[in-house]
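A short worksheet on the structure shown next.
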């Protein structure tokens, strides 16, 4: 099968057709659509620009002990996030959680974040008697 044509290829092919090129409304429309494709391409590159910020968050969380830190603490403590907002930090943390690199802990309606590799370090609430929740002693 031949290479699949993209939208940009189709628009450029349309501009090469004499009847289309002679119609100024069609030319304006096609050029506008090509500009939108260019803008979409630039925005997709911005998503890849998040990786250094995410790596900086991971480096910051490496030094965190205990339950974790809040998103506000991360925003204040990571130099690479100086120009970021709290919603941006939250979005980066959601990405890291989805990748399995960070864990979110909610305690008393506050969210704390720590590296996922810290799971099982003894901070979690554990039943003292070794019984499962909801199971009663038969004594």
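Go over the candidates 32, 4, 88, 76 one by one and state the one that is at pLDDT 90 or above and more than 30 Å from residue 107 (Cα to Cα).
Exactly one of 32, 4, 88, 76 is at pLDDT 90 or above and more than 30 Å from residue 107 (Cα to Cα), namely 32.
Would you check which residues across the range 64-106 are at positive phi and either out of contact with any strand residue (DSSP E or B) (no Cβ under 7 Å at 6 or more places or on another chain) or part of a strand (DSSP E or B) (or both) and list them?
Selection gives 66, 100.
Go through the residues of the range 114-121 one by one and say whether even a single one is assigned to a strand (DSSP E or B) and within 17 Å of the chain's Cα centre (by Cα).
Looking for residues that are assigned to a strand (DSSP E or B) and within 17 Å of the chain's Cα centre (by Cα), one finds at least one in the range 114-121, hence yes.
The values are calculated or read from the model by the stated rules, or taken from the named source; none is laboratory data. Keep in mind it's a predicted model, so treat the numbers as computed, not measured. Quick reminder, even Gly has a Cβ in these numbers, built from the backbone with ideal geometry, and neighbours come from all protein chains shown.
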